Ligand SMILES: [Zn+2]
Ligand SMILES: [Zn+2]
């Protein structure tokens, strides 16, 4: 009988709901089930259980992931939920019966798309590059030449593109790949680490992040228009204001929730058109004529590449079966 089967069902349920990966497991997963410290590791079944990171948390059997310090992510989630709940309880009936059911259906549909995009962007693998892809002979001592920056020739740029070896992940970073200290991983086509979604924005979740901004702006604008119409529908404005404090509350919240997503959306539309990431933009905005090696040549191609290209497979596959000794989840400290 495996260790996992001997645990009471409620312990297994809690571990399934929220899993803090056990770093020691990956350090000792030599295949015989017993760690160097004498503990039994045969209960390890999935990769997320041995993910060697101090910051990651996995939810519902590794189906979703977030970071331990995710307060601002919960604030963003609350900003999605609270106006929607208030509208459904206090306003939806009035719009449904007095105006049209279509008004409510349109709002609910746009809100579902907004929230689904947020959940996808914040819990999805943003393009993690596995640890230890390029281990040296002695992984505890990195040769001096691995600390150099290497320039590769590039047909679209005279300067070429640069690649580096990540001393934390023990892997060569592809162009546009950077290490995020908060996620404790290298991220492919790293745009930025967004504290409001508690995740990096990278190659595999950029489209969801952009969709979240679009639907957040649309839902908030729609809500603002509805609430202004509701407030000034009656001739007696004072009576309307005193009778509908919730309408005012929703209106204030909608004005707050539209501001930041709108500014970000404008920025990202311009970045997509130029074929840049936020990180590249912040590094090069002072350069008068920046020679962007990653631009596809025109706005349409850049937009299709950023938003429509296949996201590919996850290189860390958190829910895949754990193979004892898999070095992708091991950490070598210098
Ligand atoms: Zn790294
Ligand atoms: Zn990050």
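Rule-based calculations on the coordinates, nothing more; no lab input. The structure displayed is predicted, hence computed values, not measured ones. Every residue, glycine among them, receives a Cβ derived from its backbone with ideal geometry; neighbour counts consider all protein chains shown.
Here the calculated FRET efficiency for residue 320 and residue 97, from their Cβ-Cβ distance with R0 = 56 Å, stands at 0.65, rounded to the nearest 0.05. In the chain, Cα pairs under 8 Å separated by at least six residues give a relative contact order of 23 percent. Placing dummy labels 7 Å off each Cα toward the beta-carbon, the span from residue 291 to residue 157 is 1.0 nm.
Seen through its C-alpha gyration tensor, with square-root eigenvalues sorted a ≥ b ≥ c, segment 135-212 comes out oblate because a/c lies at 1.5 or above while a/b is not bigger than b/c. Once the gyration tensor of the Cα atoms in segment 202-334 is diagonalised, the equivalent ellipsoid follows with semi-axes of 42, 24, 14 Å, ordered largest first.
The shape of segment 144-187 comes out oblate: with a ≥ b ≥ c from the C-alpha gyration tensor, a/c is at least 1.5 while a/b does not beat b/c. If you bin all the Cα-Cα distances of the chain at 10 Å, starting from zero, the percentages per bin are 5, 21, 25, 22, 15, 9, 3, 1, 0.
Taking the Kirkwood radius as Rh and the Cα radius of gyration as Rg, segment 125-258 has a ratio of Rg/Rh equal to 1.31. For the chain, find the longest principal axis of its Cα atoms and tell me its angle to the long axis of helix 245-274, 0 to 90°, nearest 10. Approximately 50 degrees, to the nearest ten.
Between residue 145 and residue 256, the modelled labels are 5.7 nm apart [label points 7 Å from Cα along Cα→Cβ]. Quick one: grab the alpha carbon gyration tensor of segment 276-334, order the square roots of its eigenvalues as a ≥ b ≥ c, and give me rounded if a/c is under 1.5, else prolate or oblate depending on whether a/b is larger than b/c. Judged from the Cα gyration tensor, segment 276-334 comes out oblate (a/c at least 1.5, b/c at or above a/b). Peptide packing: for 195-206, 68-79, 47-58, the average count of neighbouring Cβ atoms within 10 Å per residue gives the ranking 195-206, 47-58, 68-79, highest mean first. Spin-label model, residue 221 to residue 85: label points 7 Å out along the Cα-to-beta-carbon direction sit 2.8 nm apart.
The order of 165, 313, 146, going from fewest to most other C-beta atoms within 10 Å of their C-beta, is 313, 146, 165.
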